[in-house]
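The values are calculated or read from the model by the stated rules, or taken from the named source; none is laboratory data. As the structure is a computational prediction, the values presented were derived from the model and not from experiment. Methodologically, a virtual Cβ is constructed for each residue, glycine included, from the backbone with ideal geometry; neighbour enumeration extends over all protein chains shown. Areas reflect the complete protein model, heavy atoms only, side chains present, ligands, DNA and RNA absent. Shrake-Rupley method; radii C 1.70, N 1.55, O 1.52, S 1.80 Å.
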Amino acid sequence: MKPRQPRKSAKLSDVARLAKVSTATVSRALTLPHKVKPLTLARIQQAVKTLGYVAHGAARALASRRTRTIGAVIPTLDNAIFANTIHALQKTLDEAGYTLLLASHEFNADVEVRVTRALIERGIDGLVLLGTTHHPGLFQMIEAHQLPYVLTWALDQSGRHPCVGFDNRAAASRIANHLLDLGHREFAMISGITAVNERAKERLDGVRTALSAHGIRLAPSRIVEKPFTLSAGREGLSEVTAGRELPTAVICGNDVLAIGAMAECHARGIAIPQQVSVTGFDDMEIASLMTPGLTTMHFPTTELGTDAARHLLARLRGEKVPLLTELPVELIVRGTTAPPPAR
């Protein structure tokens, strides 16, 4: 018996022949299906299925000088707030025929350089980064490869880097002013770790700026920096309330820290907001489901992902785009803030 011959791989021209269309139409159907007539698309998809055709990514990239992939590097996969942005980013890119490759660096600048290099070596057409503070070698590498990129979640006021994001400093000042308007004068803050996260630093600076305008200074014992975890929020609350008198307001660097702080208050019998008001940042879905609901700053994280994708897609089409796009934030007042108790 003769050995069975391996099945010959179907080619793009085979699909075109079976579907009775041009190879250009097949190519368009595979990369931009929304631009192909429904009946034609259905015929091509049936031909692809019948022949078992799989596009050869490397060959297509050589022909077009594009891999139709976008890389995104984020600090961590262990924070739900980034999920909305990544989902919107992926959805918008997919609708344009691009695939998203995702990597994380766990707030380690050297790891960020390494995973970004790996994405560039795989031929990505564009790159999304989170934040404005990065290893100098990262931008040198991006510029050496002439790679379109965009920074997100923060604004680069230097004008050197394209960005789509929020003014974290202004948002922090706004939430501090909300508490000041309620009459609070005894503050504490559970911040993110500012050394590796400029968003956390800007939020701390924004709070300090707002308080300073009212002649109030945050005492060193009333500021702690913690990773963005629930347990760290509980630890932070214990540390900033270790003195003889409780602060009347605790501003937290994000909702996760705030929810951890609320849990510690409940465990210790500290009434929210009767004894202590607590605030967060980000407006995660769970913030509205807490008892009481968490006062926080709403960031349009879905719009951020969509706008970042559109920015890169426009750049790849050779279009001019704004260097800086600032998205609006909104103060969401819920039940965790109230006037301070009388003393």
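Among Ile332, Leu12, Gln90, which residue has its Cα positioned farthest towards the positive end of the charge dipole of the chain, with +1 placed on the Cβ of Lys and Arg, -1 on the Cβ of Asp and Glu, and the dipole taken about the Cα centre?
Leu12
Taking the solvent-accessible surface of protein heavy atoms with a 1.4 Å probe, what is the per residue accessible area of the chain in Å²?
Using a 1.4 Å probe on heavy atoms only, each residue of the chain averages 50 Å².
Please state the charge dipole magnitude for the chain, taken about the Cα centre, from unit charges on C-beta atoms (+1 on K and R, -1 on D and E), reported in debye and rounded to the nearest 20.
I would put it at about 2240 debye.
Give the residue list of trypsin sites (Lys or Arg not before Pro) in the range 83-169 that are DSSP loop and have at most 14 other beta-carbon atoms within 10 angstrom.
Filter output for the range 83-169: Arg122, Arg160.
Determine the gain in length on full extension of the stretch Ile120-Leu230; use 0.36 nm per residue of separation and subtract their C-alpha separation, reporting nm with one decimal.
36.1 nm
Taking the simple approach of a point 7 Å from Cα along Cα-to-Cβ for both Ala42 and Ala24, what is their distance in nm?
In this crude spin-label approximation the distance works out to 2.6 nm.
Scan the chain and hand back the longest stretch that contains none of the GluC sites (Glu not before Pro) lying in DSSP loops with at most 10 other Cβ atoms within 10 Å.
Answer from the scan: 1-244.
Using Cα springs under 10 Å in a Gaussian network model of the chain, which residue among Met284, Met262, Met141 shows the largest mean-square fluctuation?
Met141
Which of rounded, prolate or oblate describes the range 215-269 when judged by the alpha-carbon gyration tensor and an a/c cut-off of 1.5?
It comes out oblate by the Cα gyration axes.
For the chain, what's the relative contact order in percent, using C-alpha pairs closer than 8 Å and at least 6 residues apart?
Relative contact order for the chain comes out at 16 percent.
Taking only Cα atoms and a 10 Å spring cutoff, compute GNM fluctuations for the chain and point out the largest among Thr40, Thr85, Thr69.
Of Thr40, Thr85, Thr69, the most mobile in the Gaussian network model is Thr40.
Taking a spot 7 Å from the Cα of Thr76 along the direction of its beta carbon, which residues of the range 267-306 have an amide N less than 16 Å from it?
Taking a point 7 Å out along Cα→Cβ of Thr76, the residues of the range 267-306 whose backbone N falls under 16 Å are 281-282, 284.
What percent do you get for the relative contact order of the range 145-281 when only Cα pairs under 8 Å and 6+ apart count?
22 percent
If the chain were replaced by its equivalent ellipsoid, with semi-axes equal to the square roots of 5 times the Cα gyration tensor eigenvalues, what would those be, largest first, whole Å?
With the √(5λ) rule applied to the chain, the semi-axes are 50, 20, 18 Å.
Taking the simple approach of a point 7 Å from Cα along Cα-to-Cβ for both Ala271 and Arg160, what is their distance in nm?
Those two pseudo-labels are separated by 5.3 nm.
Carbon and sulfur together cover what percent of the accessible area of the range 64-208 at a 1.4 Å probe radius?
Its accessible area is 47 percent carbon and sulfur atoms.
Just round it to a whole percent: the fraction of Cα-Cα distances in the range 88-218 exceeding 23 Å.
Roughly 45 percent, once rounded to a whole number.
When the chain is treated as a GNM, springs tying every alpha-carbon pair under 10 Å, which of Ile251, Ile223, Ile175 comes out with the largest mean-square fluctuation?
Result for the chain, Cα springs under 10 Å: Ile223 fluctuates most.
After finding the eigenvalues of the alpha carbon gyration tensor for the range 196-343, what semi-axes result from the square roots of 5 times each, listed largest first in whole Å?
So the equivalent ellipsoid measures 33, 17, 14 Å along its semi-axes.
For a Förster distance of 45 Å, can you work out the FRET efficiency between the beta-carbons of Arg174 and Asp110, rounded to the nearest 0.05?
0.80
As I understand it, the dipole of the range 121-247 uses +1 on the Cβ of Lys and Arg and -1 on the Cβ of Asp and Glu, about the Cα centre. Which of Met141, Cys163, Ala210 lies farthest toward its positive end?
Going by the Cα projections, it comes out as Ala210.
Given R₀ = 45 Å, FRET efficiency for Ala314-His214 by Cβ-Cβ distance, to 0.05?
Calculated transfer efficiency: 0.55.
Mind grabbing the base-10 log of I(q)/I(0) for the range 111-184 at q = 0.14, 0.22, 0.27 Å⁻¹? Debye formula, identical points on the C-alpha positions, no solvent, two decimal places.
-0.54, -0.97, -1.27
With the Cα gyration tensor of the range 258-343 giving a ≥ b ≥ c as the square roots of its eigenvalues, does the rule (a/c under 1.5 for rounded; else a/b larger than b/c for prolate; else oblate) give rounded, prolate or oblate?
prolate
Once a ≥ b ≥ c are taken as the square roots of the eigenvalues of the Cα gyration tensor of the range 243-298, is the result rounded (a/c under 1.5), prolate (a/b larger than b/c) or oblate (a/b not larger than b/c)?
prolate
So what's the back-of-envelope 222 nm ellipticity for the chain, counting only DSSP H runs of four-plus at -39500 (n - 2.57) apiece and dividing by all residues, rounded to 500?
-13500 deg cm²/dmol
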